[in-house]
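Novice: The following block contains the structure, expressed as structure tokens.
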Amino acid sequence: MKRKLYETLIKKYGNKFAITMAAAKRAENLNELSRPLIKTDETNLVTIAFEEMADGYVEIKNSEMLKVLSANVKYTKSAGGESV
């Protein structure tokens, strides 16, 4: 189930580092004083954060900028055997 949540978030945001940072920040908030925004039997705070993000209760600010910041790199094999 956790893997499926993460794959859903990757499709939604496309940036694994931003997802990880957002989930960590939300889990920190849940640990300090917040209550979950969803009903769940889960006790792992990071998984709760992933569920909230997947359900749209928690969003990454400026998520449209993640697409702009993502590098579009293509590798080709040159005659010398080096990748460019």
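Novice: May I ask for the net charge around Thr8, where only other residues with Cβ less than 15 Å from the Cβ of Thr8 are counted and Lys, Arg are +1 while Asp, Glu are -1?
Specialist: Numbers: positive: Lys2, Arg3, Lys4, Lys11, Lys12, Lys16; negative: Glu7, Glu51, Glu52, Asp55, Glu59.
Here the charged neighbours net out to +1.
Novice: A follow-up question, please. Local charge sum around Glu32 (other residues, Cβ-Cβ under 15 Å, Lys/Arg +1, Asp/Glu -1)? Let's see the in-between values first.
Specialist: Working: positive: Lys25, Arg26, Arg35; negative: Glu28.
Summing Lys and Arg as +1 and Asp and Glu as -1 gives +2.
Novice: Here's something else I'd like to know. Expressed as a fraction of 2.2 N^0.38 Å, the rule-of-thumb size for a compact globular protein of N residues, what is the C-alpha radius of gyration of region 2-65?
Specialist: Numbers: Rg = 10.9 Å, N = 64, 2.2 N^0.38 = 10.7 Å.
Ratio of Cα Rg to 2.2 N^0.38 Å: 1.02.
Novice: Next question, about the same structure. Here is the link list: Lys2/Lys39; Lys4/Lys39; Lys4/Lys61. Which ones come out longer than 20 Å on Cα distance?
Specialist: Numbers: Lys2/Lys39 16 Å; Lys4/Lys39 18 Å; Lys4/Lys61 22 Å.
Table pairs above 20 Å Cα-Cα are Lys4/Lys61.
No lab work stands behind these numbers, since they all come straight from the coordinates. The structure displayed is predicted, hence computed values, not measured ones. Ideal geometry is used to build each Cβ from the backbone, glycine not excepted, and the neighbour counts take in all protein chains shown.
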